[in-house]
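> One structure, pasted below without further comment.
What follows is calculated from the coordinates using simple rules that are stated; it is not laboratory data. Values in this document were obtained by computation on a predicted structure and should not be read as measured data. Counting neighbours? That spans all protein chains shown, and the Cβs are built from the backbone with ideal geometry, glycine included.
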Amino acid sequence: MPKRWTNVHGAYYYQVPKGLESAWDGKKKFRLGKTLPEAYKVWADRIGRTDNVRAVGDLLDRYALEVIPGKAPSTQTQNTASLKNIRTFFGTAPLSEVKPMHIYKYLDWRPAKTSGKREIEILSHAFTKAVEWGYIEKHPFAWQLRIESDAPRTRYVEDWEIVECLSIDSKRKKGSILAVQSYIRVKLLTGMRRGDLLRLSMSDLQDDGIHLTPNKTKKSTGKRVIIGWSEELREAVAMAKAARPVMIGPFLFCNRSGECYIDEATGRAGGWESLWRGFMARVLKETKVTERFTEHDLRAKCASDAETLAHAQALMTHADSRITDRIYRRKPEIVKPLR
């Protein structure tokens, strides 16, 4: 957090420097807000833009004030946590003195290598903003680094494993196991991201198909997709409707109160994550499946089972087919021999 910030009883406060109380409603400790996004917004409105930026820590302050609040709630949380480690290593370094060698030293210093790479991505974006804001003339390291990316996950969920998952008996007539099983069916047919599938509303189910605006690109490209109906998809959606614990509600997948599983303030889906963990525990205990798989693996199965890369890319709603091919197409390529 920025200097002089504290978290007390679930809210964020600013400890006002002595003599500046008049600028903060006469208070020595000013309440900024209950959540980090709210606190950053109030902070930014109060102090305006930070123009006296000399060190990396100053740059990160402005980045936290103006850039992070515009990201998705879950990304905000991750970025804010990442800034702590970045500040520890780079906080007092002058902007003009950061070189590629310091980035490599940072990665050596961080025990969690994957997290370290994500943190460098955030630092790189902060320096991109520094160029935009006029603090430096050019990015000090973006085009000079050669950081190896992590190997993509290769877990491919076999068809027989899906059959095993769908064979589990439900102890309830609504929700629970039936909800997860219908969710799996819809996901394998459409390849939707978890957030899009859990946000799917009944009004999105129209005569010509499922109308989808991916949440990931809603604020950027605004790309819209219509997934046409097939008999299998209609049947899967019908099962999802029948499994809803609340029949009158706006969401296809909802909790017992009829509400969306996703908390839009945080981007988390705690209730659904608990439901999925419980389902996978039963899968491993009651079926022949021995290796756990994730929801992301199901999305990859959808892409892998598509007949062509172009079809897989369309299902994944990816702008670049290379992402689809490298990360989501997990089945071996079948190559014909020469005659």
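> Amide H to amide H under 5 Å from Arg330: which residues, 5+ apart in sequence or cross-chain, H placed 1.01 Å off N in plane?
Ser304
> Given just the C-alpha atoms of the stretch 152-218, how large is their convex hull per residue in cubic angstrom?
132
> Given +1 on the Cβ of Lys and Arg, -1 on the Cβ of Asp and Glu, and no further charges, what dipole in debye does the stretch 138-288 carry about its Cα centre, rounded to the nearest 20?
In debye, rounded to 20, the stretch 138-288 gives about 520.
> To make sure I understand, if each residue's beta carbon is the centre and we count other beta carbons within 10 Å, what order do Lys173, Lys18 fall in, fewest to most?
Lowest count first: Lys18, Lys173.
> What distance in nm separates the two pseudo spin-label positions at Ala72 and Glu259, each 7 Å out from Cα along the beta-carbon direction?
With each label point 7 Å from Cα toward Cβ, the separation is 2.1 nm.
> Take the chain, mark every one of the GluC sites (Glu not before Pro) that falls in a DSSP loop and has at most 14 other Cβ within 10 Å, then report the longest stretch left between them, sites excluded.
Between exposed loop sites, the widest span is 1-136.
> Now for a different question. Quick one: compute the contact order of the stretch 5-132, relative version, from alpha carbon pairs under 8 angstrom and 6+ residues apart, as a percent.
Computed value for the stretch 5-132: 17 percent relative contact order.
> In whole Å, what are the extents of the stretch 142-267 along the principal axes defined by its C-alpha atoms, from largest to smallest?
Over the stretch 142-267, Cα extents along the principal axes are 58, 35, 31 Å.
> Kindly write out, for the stretch 308-313 in residue order, the coupling ³J(HN,Hα) from the Karplus curve 6.51 cos²θ - 1.76 cosθ + 1.60 (θ = phi - 60°), rounded to whole Hz, with x marking Gly and Pro.
10, 5, 4, 5, 4, 4
> Between Met239 and Lys331, what length comes free when the chain is fully extended (0.36 nm per residue of separation minus the Cα-Cα distance, one decimal in nm)?
Here the segment from Met239 to Lys331 would lengthen by 30.3 nm.
> Report the one residue of Leu65, Ala236, Val8 whose Cα lies farthest in the direction of the positive end of the charge dipole of the chain (charges on C-beta: Lys and Arg +1, Asp and Glu -1; origin at the Cα centre).
Val8
> I need Arg146, Arg54 ordered by Cβ neighbour count within 10 Å, fewest first.
Ranking Arg146, Arg54 by Cβ neighbours within 10 Å, fewest first, gives Arg146, Arg54.
> Another question, then. How would you classify the stretch 286-339 from its alpha-carbon gyration tensor, with a ≥ b ≥ c the square roots of the eigenvalues: rounded for a/c under 1.5, else prolate if a/b is greater than b/c, otherwise oblate?
oblate
> Enumerate the amide H contacts of Ser201 below 5 Å, restricted to partners 5 or more residues apart or on another chain; note that Pro and chain-start residues carry no placed amide H.
Correct list: Leu252.
> By count of other Cβ within 10 Å, fewest leading, how are Met316, Met280 ordered?
With the fewest neighbours first, Met316, Met280 line up as Met280, Met316.
> Right, another one. Which value, in debye to the nearest 20, gives the size of the charge dipole of the stretch 1-139 about its Cα centre, when Lys and Arg are +1 and Asp and Glu are -1 at the Cβ?
Charge dipole of the stretch 1-139: 420 debye, to the nearest 20.
> Would you mind estimating how fast the stretch 5-132 diffuses translationally, via Stokes-Einstein at 4 °C and 1.567 mPa s with the Kirkwood radius over Cα pairs, in µm²/s?
D = 82 µm²/s.
> Can you give me the relative contact order of the chain as a percent, contacts being Cα pairs under 8 Å and 6 or more apart?
The normalised contact order for the chain reaches 13 percent.
> Right, something else. In whole angstrom, how long is each semi-axis of the equivalent ellipsoid of the chain, when you take the square root of 5 times every eigenvalue of its Cα gyration tensor and sort them from largest down?
42, 27, 19
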